[in-house]
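Q: Pasting a structure below so you can have a look.
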Amino acid sequence: MSPTAIEKSVLRLPKSDRAHLVHVLLDSLDDSSDAEMQALWLQEAERRATEIDSGKVELVSSEELERQVQALFK
């Protein structure tokens, strides 16, 4: 069965079945081990720390962040 035929068939499924299928398919793409995921998060933390240390980004307090988020919803 071609990908196009599968797509057409899947789109005829009820929404709940499509949601389940999406979940299963997304899980199938995540084949990283715990060690790999930990290494990726460590790299990300190091990248962010470097940006902070170099002054590339500026930290804001939790109160300021809350004000900014609230302003977005007004």
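Q: Taking only Cα atoms, what is the 0 to 90° angle, nearest 10, from helix 62-72's long axis to the longest principal axis of the chain?
A: 50
Q: Still on this model: For helix 34-54, report the angle its Cα long axis makes with the longest principal axis of the Cα atoms of the chain; keep it between 0 and 90° and round to the nearest 10°.
A: Relative to the chain, helix 34-54 is tipped by roughly 40 degrees.
Only the coordinates and a few stated rules stand behind these numbers; no lab work does. All values reported here derive from a predicted model rather than from experimental measurement.
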